[in-house]
Amino acid sequence: MLQDRAKYSIAGILVATFLGYSCFLYADLPVKDQAGLQAGDKGKMIWQQYNCGACHQVYGLGGYLGPDLTNSYSKRGPAYIQAFLANGTNIMPNYHLTETEIKELTEYLRNLDASGISDPRTFTIQNNGFINQ
Ligand code: HEC
């Protein structure tokens, strides 16, 4: 059995480590250096500000009123996306976004497109059990 003193020392070391690590982790938050953000990151913040995820999915997660936008950049192209954002439609609201906001959102969607595929993939299973993608 450990002596009481040893127990207190171990508890003290754990608490000190926890506090030190927490300070280390949270020292940089929230993001203060706006200029340091990449264009896609600014677009992501605009995405969150307007809550686009209420109707749109990213990587299959989000609202289901509008389409998944993970790969809309490569499917539709920037001009189509910008026209959509500038005008809205009967069911997609027009947010009266500024030119810069539209540019940042398009950049975010471009980064998103480069980062993954949202459509379910189709696989062919061979007789020997191997899978062709
Ligand atoms: C109220 C729900 C709603 C919100 C909120 C919303 N959208 Fe949409 N969006 C839609 C719907 C519905 C469509 C499909 C409309 C159509 O085809 O007429 C759409 C279509 C789009 C398209 C075209 C996609 C394609 O492949 O055709 C883009 C791009 C888009 N939205 C971006 C955004 C962005 C960026 C935001 C946030 C600023 C946003 N939307 C917020 C409902 C919404």
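Any residue at all in region 37-49 that's within 27 Å of residue 116 (Cα to Cα), within 19 Å of the chain's Cα centre (by Cα) and more than 16 Å from the ligand (Cβ to nearest atom)? Among the residues of region 37-49, at least one is within 27 Å of residue 116 (Cα to Cα), within 19 Å of the chain's Cα centre (by Cα) and more than 16 Å from the ligand (Cβ to nearest atom), which makes the answer yes.
Confirm whether residue 53 is of a type outside the set (A, V, I, L, M, F, W, C), touching a helix residue (DSSP H, G or I) at 6+ places or on another chain (Cβ under 9 Å) and either outside any helix (DSSP H, G or I) or surrounded by fewer than 16 Cβ atoms within 10 Å (Cβ to Cβ) (or both). Against the criterion (of a type outside the set (A, V, I, L, M, F, W, C), touching a helix residue (DSSP H, G or I) at 6+ places or on another chain (Cβ under 9 Å) and either outside any helix (DSSP H, G or I) or surrounded by fewer than 16 Cβ atoms within 10 Å (Cβ to Cβ) (or both)), residue 53 qualifies.
Residues that are part of a loop (DSSP other than H, G, I, E, B) and more than 7 Å from the ligand (Cβ to nearest atom) within region 64-96 comprise 64, 68, 70, 71, 77, 88, 94, 96, listed in sequence order.
The numbers here are math on the coordinates, done by the rules we state, and not lab data. These figures come from a predicted structure and were not determined experimentally. With ideal geometry, Cβ positions are generated from the backbone for all residues, glycine too; neighbour counts draw on all protein chains shown.
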